[in-house]
1. Could you list, bin by bin from short to long, the percent of Cα-Cα pairs of the stretch B:189-244 in 5 Å steps?
2. Heads up, I need the accessible area for B:Glu213: 1.4 angstrom probe, whole protein in place, Å², nearest 10.
3. First measure r as the distance between the Cβ atoms of A:Phe197 and B:Glu91, then evaluate 1/(1 + (r/R0)^6) with R0 = 41 Å and state the FRET efficiency to the nearest 0.05.
4. With all protein chains present and a 1.4 Å probe, how do A:Trp80, A:Trp32 order by accessible area, largest first?
5. Have a look at the protein assembly as shown and give its Rg and Dmax from the Cα atoms, expressed in angstrom.
6. How much accessible area does A:Asp210 have with a 1.4 Å probe, in Å² rounded to the nearest 10?
7. Give me the accessible area of B:His284, 1.4 Å probe, in Å² rounded to the nearest 10.
8. Ignoring solvent entirely, what values of log10 I(q)/I(0) come out of the Debye formula for the stretch A:3-259 at 0.07, 0.08, 0.11, 0.16 Å⁻¹ when each Cα is a single scatterer?
Amino acid sequence: MLELARFEGRRKLKGALALAVGLSLLAAMDVWVFPSVTASGVDLEQFVEAYPPALRRMMGIEAFGSIEGFLASQLYVFAWLILLGLYLAYSAASLIADDVERGRMDVTLSLPVTRSRVVAEKYLTLLVPVLVVNAVTPVVVSVGVALVGESISLGRLIAVHALSVPYLLATGGIGLLASVAFDRASVAQRVAMGVTFGLYLAESVLAGTDYRQVGLLAPSRYYDPTAILVRGEYDLAGAAILLGMVAVLVGASALWFGRKDVQ
Amino acid sequence: MAPIKVDGLTRRYGDVVANDGVTFTVEAGEVFGYLGPNGAGKTTTIRTLMGLQSPTAGTARVLGADVRDERALVAARRRIGYLPASPAFDEGATGREILDLHASLKGDRRRDELLALFDPPLDRKVREYSTGNVQKLGLIQAFVHDPDLVILDEPTSGLDPLMQQRFNEFVREERDAGTTVFFSSHVLSEVRRVCDRVAILRDGRLLTIEDVETLLDRSGKFVRVRLAGDAEAVDLDRNGVHDPQVSTVTGAQLADGADAGTVTEVTFTFTGDVNDLVGAFAGHRLLDLDLQEAPLEDVFMRFYGEGTDA
């Protein structure tokens, strides 16, 4: 088992490390600017109070004057919830479609493997970037925070990374489904990113309205870096829902790919 | 049990019928050529046999497994080798990594032996491979697990003539060792060298299945003769001569520059006995005699009628 996942996962390692380095640099920069921002005498809390509530929610702004609140918004909502979420959707969207488009799938499916196994093992390779990024960055953040003379709860820091894993796997699931639905990788990538970002926007914008049920479908509803870092609230039910979404998305992709013609 | 049994296989893409009730059986231990011009529907049949697409109607069995039954087909694929029309591999992987993957899933009993015959640069990434090297890697992975049935879609495209010849010898040896080989081509001369039987497909329909000798007898040779003098007397009205064309040139030059006087050029397709052919020119001074395999398109036109459904 897992021969295909190992074969493809190995090739994702380099890119995952590069991604981890990039996000670590971003994290280090956020940690580094925090003391000077607070020392500047600007009352950040008051400043962000001027934002409309919907925007504050969208950007996860809460307790902005604390390192937890600052990182939650500047690093985890921006880079994890939005950027990494989109990256996973984008990256997953090429898993099947790119192989089909380039004719590699013909050779893969000549091997004695079922189509659902191909889908599942390809999906598993997403764990490489997800795990590498979430293993490297918290180390950089905790060391950085100590260096600038601040302190952050290690438990909350670990939780914000650990609970991002089901979230990122869910956006990857959206990408995977798009990858099965469309035979051209570029189309699948655009659709996956559009749907992921659209769901995030819909969830944030509609949260206070009568249409908030739409947000139930959005993975971003079940991962709240601000609640974890600022308030220490770990939404384990949310994580379970995200894993349920993963099961549905991967299962649907496997069933669909099992039935469709590979062109 | 026949390694391949195709039964009324039909595949439509909207209004286009890529395969129309195709029926044939490939027997164990034969090399079976699947011949037809580009666009005839050969790849459609092959990809259906591999379970990559499903039939609109009819079905096929490979090594006893119905191509519509994924479980059965996956099990059968352990003993099937496949080379797609344009094989593609993960470009970031080396040839060795790809063969290792194939080995881990289906075995690689014959790896060393095949690498001695076809030798792609294994430690380079596929991205750096030439078309020929990709094709070699494709051939190796198709045979590496010592399959009972090998399905090849235009296997010699991209191979240089030397490699083509090596491939032909290899296929014959495989056949002698009991492997069943099914391969498609649009080049008659290619299939004649290695195939035992040939099925001819055009516009999605199977026109005929023949022994390769029978087919060659029927398809004939393209003959071009240049002879000195006026050739009114050449007797072309004999068995096996089709579409004779005679043209006369006066004052032509020979290769050595000498004046040849009048030269007659005769072309025709010949399906008869070669001795008759030689006899037809007895008493004439031949300047040049050229015999070629009749082009596949001519074979189709001659024997299967043009314009019926093209």
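The values are calculated or read from the model by the stated rules, or taken from the named source; none is laboratory data. Computed from a predicted model, the values in this text were never measured in an experiment. All Cβ positions, glycine included, derive from the backbone under ideal geometry; neighbour counts span all protein chains shown. Just so you know, the surface numbers come from the protein's heavy atoms only, side chains and all, with ligands and any DNA or RNA stripped out. Shrake-Rupley method; radii C 1.70, N 1.55, O 1.52, S 1.80 Å.
1. 4, 13, 19, 16, 15, 11, 9, 7, 5, 1
2. Around 120 Å² of this residue is reachable by solvent.
3. Once the sixth-power term is evaluated, E becomes 0.90.
4. These residues rank, largest area first, as A:Trp32, A:Trp80.
5. Over the protein assembly as shown's Cα set, Rg and Dmax evaluate to 33.3, 114 Å.
6. Estimated to the nearest 10 Å², A:Asp210 gives 130 Å².
7. B:His284 has an accessible surface of roughly 50 Å² with all protein chains in place.
8. Treating every Cα as an identical point scatterer, log10 I(q)/I(0) equals -0.26, -0.34, -0.61, -1.15.
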